[in-house]
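Below is one structure, written out as structure tokens; comments come after it.
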Amino acid sequence: MRSLIDIQELSTEEIDELIATAKDIIANPVKYREKCRGKKLATLFYEPSTRTRLSFEAAMYELGGNVLGFASSDNSSASKGESVADTVRVVSGYADIIAMRHPKEGAPLVASMHSLVPVINAGDGGHNHPTQTLADLLTINREKGRFSDLTIGMCGDLKFGRTVHSLIGAMSRYDNVKFVLISPDELKLPGYIKQETLDRKNIEYTETRSLEEAIPSLDILYMTRVQKERFFNEDDYIRLKDTYILNEAKLLKAKKDLSILHPLPRVNEISVEIDKDPRACYFEQTLNGKYMRMALILKLLGVE
Ligand code: NCD
């Protein structure tokens, strides 16, 4: 039995397989409609979510399976003080696979150690978000047709942005990938990711505060929201939240084939005028998330 807690648990071949399955699902959806008949997915969400939870649920429904779960810790026994270990032990008797989001880093890992069924990390605090990365990877693959030879700008909250952490982990395995890390000083990428991933693999990266200076060199621009819920001090959030606002003026110097990604939700960091720019990929990205979650569910359930 296998869970997915960190994107690095997937080999490059497995990522390729998931992408191939997702593309086959896109091309032949009918073939997959009964694949998970009789199976149940439990979504245990201790933190707010729109896309991740609903795309997991839509994924399971489109595979012919069923869904149960909760969308907030307030209406689960967590509010009575139950531990994640106990909850998951119980839920693994009711469901065949679990997707869990939790504000505490490491909670889905603990859950996987007590679960009788596969656990998927649907976001743990400011740490990791491997299934968002699967959505990002399918988007990059469909946009660029490759994972190598890319300059990727990561912009916004690189400190608390778990999607950034997982995507850097995944993209660091490909040849000639360079990162431009664009953030205010207070929201720089954590040192452990620089040391354990970028430095260890000898990946070229630069850090800058200026989106304008970075833009011309980029093949991919990954925008992120400042993660309000991780701040201790509201004043800091208010001061930093609108550091970057991508608009058409800032895109004037961008490459014609730039791909603009964002895990969403967007707050102010991408002006709505960009939505009609052919370089904007973030709504396609949300759909890609559903297909990759379908592929992942099939893989972890061992469905042919
Ligand atoms: C992201 C998350 O939850 O980390 N959202 C998502 O899953 N698509 C990004 C965010 O909340 O900013």
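The slack in the chain from D275 to I26, taken as 0.36 nm per residue of separation less the alpha-carbon distance, amounts to 87.3 nm. Which is farthest toward the positive dipole end of the chain among N121, A95, Q8, measuring Cα position about the Cα centre, with Cβ charges +1 (Lys, Arg) and -1 (Asp, Glu)? My answer, from the dipole projection, is A95. Looking at the chain as a GNM with Cα springs under 10 Å, which of S11, S55, S115 has the largest mean-square fluctuation? Ranking S11, S55, S115 by mean-square fluctuation puts S11 first.
Listed by chain and number, the lysines whose C-alpha is less than 18 Å from the C-alpha of K31, apart from same-chain residues fewer than 8 away, are K23, K39, K290, K299. Tell me the net charge near V272. Cut-off is 12 Å between Cβ atoms, V272 excluded, with +1 for each Lys or Arg and -1 for each Asp or Glu. Taking every Cβ under 12 Å from that of V272, the sum is -3. Which of rounded, prolate or oblate describes the range 145-304 when judged by the alpha-carbon gyration tensor and an a/c cut-off of 1.5? Cα axes put the range 145-304 in the rounded bin.
Counting only residues at least eight positions apart within a chain, or on another chain, the lysines with an alpha carbon under 19 Å from that of K159 are K104, K178, K188, K194, K228, K241.
Whole number in Å², please: accessible area per residue of the chain, 1.4 Å probe, ligands, DNA and RNA not counted. Show your work: numbers first, answer last.
On the way: 13280 Å² over 304 residues.
For the chain, the solvent-accessible area averages 44 Å² per residue.
By the scheme Lys and Arg +1, Asp and Glu -1, what is the net charge of all other residues having a beta-carbon under 13 Å from that of I245?
Numbers: positive: R225, K241, K250, R266; negative: E212, D242, E248, E269, E273.
Taking every Cβ under 13 Å from that of I245, the sum is -1.
A simple count of charges around E212, restricted to other residues whose Cβ falls under 9 Å of its Cβ and scoring Lys, Arg +1 and Asp, Glu -1, yields +1.
Just to confirm the number: angle between the C-alpha axis of helix 162-171 and the first principal axis of the chain, 0 to 90 degrees, nearest 10? Rounded to the nearest ten degrees, it is 80. Given +1 at the Cβ of Lys and Arg, -1 at the Cβ of Asp and Glu and no other charges, the dipole of the chain around its Cα centre is 600 debye to the nearest 20.
Carbon and sulfur atoms: what percent of the 1.4 Å accessible area of the chain do they account for? With neighbouring chains kept in place, the figure for the chain is 49 percent.
The values are calculated or read from the model by the stated rules, or taken from the named source; none is laboratory data. Predicted, not measured: the structure shown is a model, and the values here were computed from it. Note that each Cβ is placed from the backbone with ideal geometry, even for glycine, and that neighbours are counted across all protein chains shown. For accessibility, only protein heavy atoms count, side chains too; no ligands or nucleic acids. Shrake-Rupley method; radii C 1.70, N 1.55, O 1.52, S 1.80 Å.
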